[in-house]
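The values are calculated or read from the model by the stated rules, or taken from the named source; none is laboratory data. Just so you know, these numbers come straight off a predicted model, no measurement behind them. Note: ideal-geometry Cβ built from the backbone for every residue, glycine included; neighbour counts use all protein chains shown.
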């Protein structure tokens, strides 16, 4: 743990609660102060790197997942593949649609980013209901990849994302640096 | 250069040209294969880290700039601040509008992400016309930050982004790992 100079409790103190964002009644957890503190960011990546499942590649979810997924891929010397919003990837893609509270959204991946039987860990910053993480995992596993795990900086436990993910991926390791 | 096991020519070979994306007549440079090759990604970050200007923080532009900015901030042990599309940052922001070929766009930053007289390097993946990079720099310098440099993975020289940036920021160091 030589790179982890801050512990989880110290990192957690940096998160700023923003009431009523993005809409009234929601308490948004702003993780950007972690990024502004190099020792907190390095410690987060080091601790996540030790906690997440064995894998052959890191799959990062746009946009804040790119921040942690990229640093983690560099730290772990693993390939980084991108899960993007529709229309952002220039070559042939696979698409997965998923339901939101109101309406639906979808996520895309380059077809050649998925290798059959390779193991992927899905990385995003915050686990809420798990809809995006689950769609990301389905997109990869529908096309031959194996989901060995999920990694988040923060899990909002009241939204039960862990339950939802583990029902669908009982063999995947779900890890979160912080939990509220 | 111990971390740079691939040289620039080897990294460049990984970029895939995508004709007519996002619209007819445009040759899109897809940098995602660099991310899928850990030695190429690590080398890119190491080479960029050595090339860019002295700074107190890395300012990464959404969304692909997050990938390189984040890894660079980790590698250089510098604070990372985010330049985001409108409505994505939860706390008080500053906004800069800028012209596109048709219409306009804008970019935001958290107000407390800018420290007076601190030196920032703007990081994005591709330098095209320079509109987004320039708006990002203006957003920071309008509020007291100093732009010491710009760093890109790829510069498309025919679009003259370097000229445009250097006219506005003559003292900033503009670096690009690759140039076409």
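Worth a mention:
- Any chance residue A:45 is crowded, with 22+ Cβ neighbours inside 10 Å, modelled with pLDDT of 95 or more and out of contact with any strand residue (DSSP E or B) (no Cβ under 8 Å at 6 or more places or on another chain): yes
- Residue A:4 vs. criteria in a loop (DSSP other than H, G, I, E, B) and touching a helix residue (DSSP H, G or I) at 6+ places or on another chain (Cβ under 7 Å): yes
- From the list B:114, B:153, the lone residue that is surrounded by 22 or more Cβ atoms within 10 Å (Cβ to Cβ) and either within 21 Å of residue A:66 (Cβ to Cβ) or over 15 Å from the mean Cα position of the chain (by Cα) (or both) is B:153.
Here's the yes/no breakdown for (1) at the interface with another protein chain (Cβ under 7 Å from one of its Cβ atoms); (2) crowded, with 24+ Cβ neighbours inside 10 Å; (3) touching a helix residue (DSSP H, G or I) at 6+ places or on another chain (Cβ under 8 Å):
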| site | (1), (2), (3) |
| --- | --- |
| A:39 | no, no, no |
| A:51 | no, no, no |
| A:60 | no, yes, yes |
| A:66 | yes, yes, yes |
| A:80 | yes, yes, yes |
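- If the condition is being part of a helix (DSSP H, G or I), touching a helix residue (DSSP H, G or I) at 6+ places or on another chain (Cβ under 7 Å) and crowded, with 17+ Cβ neighbours inside 10 Å, then region A:162-175 contributes only A:165.
- Qualifying residue in region B:127-139 (condition: in a strand (DSSP E or B), touching a helix residue (DSSP H, G or I) at 6+ places or on another chain (Cβ under 8 Å) and either away from chain A (no Cβ under 11 Å) or touching a residue at least 60 places away in the same chain (Cβ under 8 Å) (or both)): yes
- Unique match (being within 16 Å of residue A:80 (Cα to Cα) and more than 11 Å from chain A (Cβ to nearest Cβ)) among B:11, B:45, B:31: B:11
- Selection count where residues are farther than 15 Å from residue A:52 by Cα and in contact with a strand residue (DSSP E or B) (Cβ under 9 Å, 6 or more places away or on another chain), scope region A:138-164: 11
- Residue in region B:12-27 that is in contact with a helix residue (DSSP H, G or I) (Cβ under 6 Å, 6 or more places away or on another chain) and crowded, with 17+ Cβ neighbours inside 10 Å present: yes
- Qualifying positions in region B:82-104 - exposed (fewer than 15 other Cβ atoms within 10 Å of the Cβ) and under 17 Å from the mean Cα position of the chain (by Cα): B:85
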